[in-house]
1. Mind checking whether some residue in segment 104-112 is closer than 24 Å to Ser58 by Cα and aliphatic (A, V, I, L, M)?
2. Any residue in segment 139-152 that's within 17 Å of Glu113 (Cβ to Cβ): show its pairings with residues that are among the polar types (S, T, N, Q) and exposed (fewer than 14 other Cβ atoms within 10 Å of the Cβ) at Cβ separation under 6 Å, as long as the two are six or more apart or on different chains.
3. Could you list all residues from segment 115-146 that are within 12 Å of Met166 (Cβ to Cβ) and not aliphatic (A, V, I, L, M)?
4. So, of the residues in segment 170-186 that are within 30 Å of Leu103 (Cα to Cα) and in a loop (DSSP other than H, G, I, E, B), which turns out to be nearest to the chain's Cα centre (by Cα)?
5. Take the conditions of a type in the set (Gly, Ala, Ser) and more than 14 Å from the chain's Cα centre (by Cα) and apply them to Ser71. Does it pass?
6. So, restricting to strands (runs of 3 or more DSSP E) that lie completely within segment 50-169, which ones have at least 1 residues that are open to solvent by 50 Å² or more (accessible area, probe 1.4 Å) and of a type outside the set (Lys, Arg)?
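The values are calculated or read from the model by the stated rules, or taken from the named source; none is laboratory data. In this text, all values refer to a predicted model and were calculated from it rather than measured experimentally. Every residue, glycine among them, receives a Cβ derived from its backbone with ideal geometry; neighbour counts consider all protein chains shown. Calculation scope for accessible area: heavy atoms of the full protein, side chains included, ligands and nucleic acids excluded. Shrake-Rupley method; radii C 1.70, N 1.55, O 1.52, S 1.80 Å.
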Amino acid sequence: MTPLNIEKGSNRHSAYNLRPTFSDVQEQHTIAVLVENEPGVLARVIGLFSGRGYNIESLTVAEVDHTGHLSRITIVTTGTPQVIEQIKAQLGRIVTVHDVHDLTVEGPSVERELAIIKVVGGGDKRVEALRLADIFRANVVDSTLNSFIFEITGAPDKIDAFADLMRPLGLVEIARTGVAALLRGD
């Protein structure tokens, strides 16, 4: 009897798909979780991530239904497709979780973030900071003789780009809210 020489992967002569079904490509996903607004819920959700070594890149939480006592947690995380599926499945098993949506997969969504950025400087750098703020539609919310505090709202990439341009002009501090996201359309 001769051994079978089966090559990895399927072809038109093989009835078996021997290709791996997993991927090691890291993807960023935005996950919206509707939960009961009660003490300890956020700790359980965060514990799920930290206990399994998953990273949270952005986290936003707020009550969205006062009468129903429901809060929405928006999480931006990175992982392989298998890890993302595992996260969604484990979130769905938490008793106080009502609904889990992967906005990245479900369709086009709108993502926005708010940042306030403090820039210290004078002279030409001050003029350049104001010019860039106008281009990025950032608002000046505080001004002194030596500094500005800008408020900017937009996609996380827009805020990153604005902060990168402000660094050489004297950026000293930045505070960001985290991503808030909703699916587009009906």
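1. Yes, that holds for at least one residue.
2. These pairs meet every condition: Glu151/Asn139.
3. Lys118, Gly121, Lys125, Arg126, Glu128, Arg131, Phe136
4. Keep residues of segment 170-186 that are within 30 Å of Leu103 (Cα to Cα), which gives 174-186.
Still in the running and in a loop (DSSP other than H, G, I, E, B): 177-179, 184-186.
On the way: Thr177: 11, Gly178: 7, Val179: 6, Arg184: 17, Gly185: 20, Asp186: 22 Å.
Among residues in segment 170-186 that are within 30 Å of Leu103 (Cα to Cα) and in a loop (DSSP other than H, G, I, E, B), the one nearest to the chain's Cα centre (by Cα) is Val179.
5. Criteria met by Ser71.
6. 56-65, 97-102, 109-120, 139-143, 147-154
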